[in-house]
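The values are calculated or read from the model by the stated rules, or taken from the named source; none is laboratory data. Keep in mind that what you see is a predicted model, and the values were worked out from it rather than measured. Please note: Cβ atoms are built from the backbone with ideal geometry, for glycine as well, and neighbour counts cover all protein chains shown.
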Amino acid sequence: MDAAAFVVELTEGLEQVLRRLTPEDTLRAETDGNLTVENLLMVALRNELEATEIAARWMATTPEVEVKLAFARQIGDEAKHYRLIQERLQ
């Protein structure tokens, strides 16, 4: 199997899995079934923190300066989103 065929097969498999997941089902699992505004904001808060951490890890392993700077901007954006959601929860 060449790289292009691998990507096609992987994409098709991912799309099959994603079609089975409805947004509400996914969120119910993340909120223990309670789709309250507070619980949804807590999910959003966790997602922002995870996005920050992922971008930081990529930044640390990326040699290109321009890409590092792009990751740094993304990290700052995610941190800002985190703070905004945190304020909303208070």
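Summary of computed values
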| read-out | value |
| --- | --- |
| Residue ID - surrounded by the fewest Cβ atoms within 10 Å (Cβ to Cβ), chosen from residues in region 61-90 that are of a type outside the set (Asp, Glu) and not in a helix (DSSP H, G or I) | Gln90 |
| Selection from region 20-45 of residues that are modelled with pLDDT of 85 or more and surrounded by fewer than 13 Cβ atoms within 10 Å (Cβ to Cβ) | Val37, Glu38 |
| Residues satisfying the stated conditions in region 24-55, i.e. without any contact (Cβ under 8 Å) to a residue 12 or more places away in the chain, part of a helix (DSSP H, G or I) and over 14 Å from the mean Cα position of the chain (by Cα) | Glu24, Asp25, Arg28, Ala29, Val37, Asn39 |
| Which numbered condition Trp58 fails, given (1) modelled with pLDDT under 90; (2) part of a helix (DSSP H, G or I); (3) under 27 Å from Asp77 (Cα atoms) | (1) |
